[in-house]
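Enquirer: One structure, pasted below without further comment.
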Amino acid sequence: MNHPKSILLHDFFEIRGGGERLVLLLCQELGLDIGFGFWQETSYGREVLEGLQIFDLAVNSRLIGWRTLKHIKAFQNKTSFLSRYDTVIYSGVVAPLAVRNHQNGLNLFYCHTPPRFIYDKKAFFLAQIPSWQRPALQFLIDYLQPRYEAAVAEMDIIIANSENVKNRIHHYLGKPSTVIYPPCDMERFTWAGQDDYYLSTARLDFLKGVDLIIKAFLQMSDKRLIIASSGPEFDRLRRLAGGAENITFTGLVDEDRLNQLIGHCIATLYVPKDEDFGMSPVESMAAGKPVIGAAEGGLLETIIDGETGLLVGPEPSPEDIIAAVRALTPRRALEMRQACQMQARKFDKKVFLEKMREALG
């Protein structure tokens with residue numbers, strides 16, 4: 001069987017996130033083969049892989065820590081097929097460990113972020129779990145960290161998804177990297193009007209700050225909020241909202257429905273803790289919708305304060321969000337439409353693909 005000269009390895013497909021879209025776009029547009037740890041129905045349909053050569057390592061477990069250990073072993077020991085390729089692109093935390101099976105040829109690492117549970121958010125993650133589970137997480141950190149750092153050291157090229165992540169790579173791994181921003185499909189997102197609601201599309205995860213947004217809207221009964229996403233915090237956040245009539249949870253929606261919700265909202269809200277890059281604000285701006293965002297992390301590279309949205313403090317309070325929502329009136333949001341769309345073009349998928357082709361030579 002004839003094989004293309006390049007393959008992309010990604011940890012796994014569990015959600016429909018920006019990292020997954022980036023990986024699939026690269027494979028489809030550049031004709032890459034693809035390998036991954038596992039694929040779940042909660043991610044994209046497998047039909048998106050049509051025409052691609054697939055290596056599914058079929059590693060899964062409901063026990064997250066055990067699953068990670070199985071992934072480490074699988075990418076280390078079940079990726080001998082990499083020797084057939086001239087170029088390997090790695091995406092994720094565990095996939096780079098396969099680099100030891102590709103000693104001849106180009107190794108390129110697209111780094112979404114050094115794993116936060118090992119580095120900048122280690123104490124935070126340990127604090128989130130019961131004390132009896134902490135030794136297991138600490139064992140996983142101690143096991144993975146030296147292997148991850150050794151793998152990164154073998155990469156010929158490291159690409160960071162933002163200046164924010166570039167700084168993390170330098171600080172924690174001591175390695176230089178080049179920034180190539182993730183791709184936004186400008187054609188997907190269009191301004192479709194302006195209804196009477198604000199929108200949150202952030203994954204319902206404790207680092208995304210959706211609880212702060214809910215607390216703010218609980219104090220603004222005259223303002224509507226739609227939360228169009230899902231995640232491990234779904235039940236807790238619904239309880240927090242307490243059945244408030246002005247707050248609606250849609251759960252996970254398909255892309256067409258999501259595009260409609262973005263296209264018709266007044267503005268979106270996105271206040272995560274030191275986000276790596278953050279695709280949601282770019283998608284919002286692509287539809288001409290300004291963003292209320294936290295003034296930290298990747299959002300400092302995408303949102304122009306006062307022109308394409310409003311930046312609140314790096315650790316915003318509900319009161320900060322309330323003030324921003326009151327300031328970003330429907331009229332002011334309309335005035336930002338053109339600036340938003342112009343800013344989003346800087347992150348268009350055509351720009352991303354052109355820069356990735358250059359990196360691959």
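Enquirer: Here is a check on your reading of the model: is Ile169 in contact with a strand residue (DSSP E or B) (Cβ under 8 Å, 6 or more places away or on another chain), surrounded by 14 or more Cβ atoms within 10 Å (Cβ to Cβ) and assigned to a helix (DSSP H, G or I)? Outline the logic, then answer.
Expert: Numbers: in contact with a strand residue (DSSP E or B) (Cβ under 8 Å, 6 or more places away or on another chain): yes; surrounded by 14 or more Cβ atoms within 10 Å (Cβ to Cβ): yes; assigned to a helix (DSSP H, G or I): yes.
Answer is yes for this residue.
Enquirer: Here's something else I'd like to know. If you take the residues of the stretch 30-67 that are within 18 Å of Glu20 (Cα to Cα) and part of a helix (DSSP H, G or I), which of them is least open to solvent (accessible area, probe 1.4 Å)?
Expert: Let us first name the residues in the stretch 30-67 that are within 18 Å of Glu20 (Cα to Cα), namely 30-60.
Still in the list and also part of a helix (DSSP H, G or I): 30, 46-49.
Numbers: Leu30: 43, Arg46: 111, Glu47: 128, Val48: 40, Leu49: 4 Å².
Checking each candidate, the answer is Leu49.
Enquirer: Sort out which residues of the stretch 298-325 are part of a loop (DSSP other than H, G, I, E, B), without any contact (Cβ under 8 Å) to a residue 60 or more places away in the chain and among the hydroxyl-bearing types (Ser, Thr, Tyr), and write them in order of number.
Expert: So the first thing to find is which residues in the stretch 298-325 are part of a loop (DSSP other than H, G, I, E, B), and the list is 298, 303-304, 306-308, 313-317.
Right, trim to without any contact (Cβ under 8 Å) to a residue 60 or more places away in the chain and you get 303-304, 306-308, 313-315.
Thr308, the sole residue that qualifies.
Enquirer: Now for a separate question. Here's a check for you: in the stretch 224-261, which residue that is of a type in the set (Ser, Thr, Tyr) and within 18 Å of the chain's Cα centre (by Cα) is farthest from Val325 (Cα to Cα)?
Expert: Step one: list which residues in the stretch 224-261 are of a type in the set (Ser, Thr, Tyr), which gives 229-230, 248, 250.
Narrowing the set further to residues that are within 18 Å of the chain's Cα centre (by Cα) leaves 229-230.
Numbers: Ser229: 20, Ser230: 23 Å.
It comes out as Ser230.
Enquirer: Restricting to the stretch 254-263, what's the tally of residues that are open to solvent by 60 Å² or more (accessible area, probe 1.4 Å) and in contact with an Asp or Glu (Cβ under 8 Å, 6 or more places away or on another chain)?
Expert: Qualifying residue count, the stretch 254-263: 0.
Enquirer: Same structure again: Could you please let me know if Pro183 is open to solvent by 10 Å² or more (accessible area, probe 1.4 Å), modelled with pLDDT of 95 or more and touching a Phe, Trp or Tyr at 6+ places or on another chain (Cβ under 8 Å)? Write out each step before concluding.
Expert: Numbers: open to solvent by 10 Å² or more (accessible area, probe 1.4 Å): yes; modelled with pLDDT of 95 or more: yes; touching a Phe, Trp or Tyr at 6+ places or on another chain (Cβ under 8 Å): yes.
So Pro183 fits the description; yes.
Enquirer: Here are Gln343, Gln338: which of them is surrounded by 15 or more Cβ atoms within 10 Å (Cβ to Cβ) and either basic (Lys, Arg) or modelled with pLDDT of 95 or more (or both)? Walk me through how you get there before you give the answer.
Expert: Working: Gln338 fails: surrounded by 15 or more Cβ atoms within 10 Å (Cβ to Cβ).
Sole residue among the options that is surrounded by 15 or more Cβ atoms within 10 Å (Cβ to Cβ) and either basic (Lys, Arg) or modelled with pLDDT of 95 or more (or both): Gln343.
Enquirer: Going through the stretch 261-297 one residue at a time, which ones are over 22 Å from Arg188 (Cα atoms), in a loop (DSSP other than H, G, I, E, B) and touching a residue at least 24 places away in the same chain (Cβ under 8 Å)?
Expert: Scanning the stretch 261-297 gives Val271, Pro272, Lys273, Asp274, Glu275, Asp276, Gly297.
Enquirer: Oh, and also: Could you grab me the full set of residues in the stretch 81-97 that are of a type in the set (Gly, Ala, Ser) and either closer than 17 Å to Lys5 by Cβ or modelled with pLDDT under 95 (or both)? If you could, list the steps in order and put the result at the bottom.
Expert: Initially, the stretch 81-97 is screened for residues of a type in the set (Gly, Ala, Ser), giving 83, 91-92, 95.
Ser83, the sole residue that qualifies.
Enquirer: Only one of Thr201, Thr248 is closer than 24 Å to Gln260 by Cβ, hydroxyl-bearing (Ser, Thr, Tyr) and open to solvent by 50 Å² or more (accessible area, probe 1.4 Å); which? Let's see the steps before the verdict.
Expert: Working: Thr201 fails: open to solvent by 50 Å² or more (accessible area, probe 1.4 Å).
Matching residue, one of Thr201, Thr248: Thr248.
The values are calculated or read from the model by the stated rules, or taken from the named source; none is laboratory data. Only a predicted model underlies this, so the values are computations on that prediction, with no experimental measurement involved. A quick note on method: Cβ atoms are made from the backbone with ideal geometry, for glycine too, and the neighbour counts reach across all protein chains shown. Accessible surface is based on the protein model in full, side chains and every heavy atom, while ligands, DNA and RNA are left aside. Shrake-Rupley method; radii C 1.70, N 1.55, O 1.52, S 1.80 Å.
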